[in-house]
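The values are calculated or read from the model by the stated rules, or taken from the named source; none is laboratory data. As the structure is a prediction and not an experimental result, all values here were calculated from the model. Here the Cβ positions follow ideal geometry from the backbone for every residue, glycine too, while neighbour counts run over all protein chains shown. Side chains included, ligands, DNA and RNA excluded: accessible areas come from the protein's heavy atoms. Shrake-Rupley method; radii C 1.70, N 1.55, O 1.52, S 1.80 Å.
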Amino acid sequence: MTANEDQEMELEALRSIYEGDECFKEISPVSFQFRVGDLEDTKAFILDVTWPEMYPETAPEISLDAFFNNRISAETKQLILSKLEEQVEANLGTAMMYTLFEWAKENQEALMENHKPVVTAVTLTSSSEVTTTSSTAKKKEKKEQLTKAQKRRIISRTDNKGELPRGWNWVDVIKHVSENHLH
């Protein structure tokens, strides 16, 4: 059998095995994503796998560059990839995707045992806190927004430094004059 025939047979097998499984996603006939773990699981990760032209005689390209994996440290990613490489070496020349995916699922805990979620700028604490902060932020934005007409009036009243010219409020001017000249 040629490499392409092997790929076609394996692709058919993968489609039938993972039909309806939300963890498996076929990007193209030679590119796949497989999520190990539940979406809510902090130790879940996505494997991006691409078959080179001579797969299964040559190793598939495996990466953890999916956006979903951004919270995983570089060391943990390196460990996962090196362990998967060992599995690839052991199965070279045979259809290995199912074996790799199932091995990753069975060894998820061991692969992610040193995983400490990488803290990004977005940290969710509780849904109630998030909703209250976002709703107050929206209210503040609405108060600060000016219409075009209001902005034009402000611009026409101010000088090039954004300051109001002296005496712009005539009530203050009259009050000042009356207080200072009557004494």
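Can you confirm whether residue 63 is open to solvent by less than 50 Å² (accessible area, probe 1.4 Å) and under 25 Å from residue 109 (Cβ atoms)? When the stated conditions are applied, residue 63 passes them.
The set of residues in region 67-102 being under 14 Å from residue 36 (Cα atoms) and open to solvent by 50 Å² or more (accessible area, probe 1.4 Å) consists of 68, 98, 99.
Cβ separations smaller than 7 Å between residues 6+ apart or across chains give the following pairs from region 100-117 residues that are over 14 Å from residue 82 (Cβ atoms) and part of a helix (DSSP H, G or I) to residues that are open to solvent by less than 40 Å² (accessible area, probe 1.4 Å) and among the hydrophobic types (A, V, I, L, M, F, W, C): 101/34; 105/36; 108/36.
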